[in-house]
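Only the coordinates and a few stated rules stand behind these numbers; no lab work does. Just so we're clear, the structure is a prediction, and the values are computed from it rather than from any experiment. Note: ideal-geometry Cβ built from the backbone for every residue, glycine included; neighbour counts use all protein chains shown.
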């Protein structure tokens, strides 16, 4: 007898991929809005990744699935997915780097908060029509000297995102 899954649950993968697609699609406009008063526009992300890597190109955006909690009902699986959205920038001036990092966070937060249910849940078989999500925190790492490029500084920032859905 062929295997027949009880649920058609896809879990965290499609949501992560949808978040990356959202930032790719809206990133330029959101960065322009966040940096509207700057004399030099904020550059586009050079990388949109699902994992951390050694050959990082900057500005870097990574969206990493961190945790999924699951509870099962008779006809559905309730899921809560936690993501870390990581932004990494290099710059020669720590003051400017700090401000630019905050503006990148502002842009990405705006993209995620402005997303529709369909954009977040594309590719999922949902039991109910709505998903719930929120950006729960912004964390900023201290600026440190880059080990990659001499005379440059590196700053990381992370957004915490939680998405709740029910898959059939």
Given that compact globular proteins tend to follow 2.2 N^0.38 Å, what is the ratio of the alpha-carbon Rg of the chain to that value? 1.17
Fewest first, what order do 1, 47 take by the number of other Cβ atoms within 10 Å? 1, 47
Using only Cα atoms and rounding to the nearest 10 degrees, what angle (0 to 90) does helix 12-34 make with the longest principal axis of the chain? 40
Exposure-ranked with fewest Cβ neighbours within 10 Å first, 56, 101 stand as 56, 101
Over the C-alpha atoms of segment 47-108, what are the Rg and the largest Cα-to-Cα span, Dmax, in Å? 16.6, 57
Helix-derived mean residue ellipticity, 222 nm - over the chain, DSSP H n ≥ 4, -39500 (n - 2.57), to 500: -9500 deg cm²/dmol
To test your reading of the geometry: what angle, between 0 and 90 degrees and rounded to tens, separates the Cα axis of helix 94-113 from the longest principal axis of the chain? 20
Inter-part distance where segment 20-66 and segment 111-168 are each reduced to a Cα centre, Å: 12
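With a Förster radius of 45 Å, plug the Cβ-Cβ distance of residue 118 and residue 39 into 1/(1 + (r/R0)^6) and report the FRET value to the nearest 0.05. Don't jump to the answer; show the numbers that get you there.
Values: r = 37 Å, r/R0 = 0.83.
The calculated FRET efficiency here is 0.75.
Suppose R0 equals 30 Å. What FRET efficiency, 1/(1 + (r/R0)^6) with r the Cβ-Cβ distance, do residue 142 and residue 56 give to the nearest 0.05? Before the final figure, lay out the partial values.
On the way: r = 18 Å, r/R0 = 0.61.
So the FRET efficiency works out to roughly 0.95.
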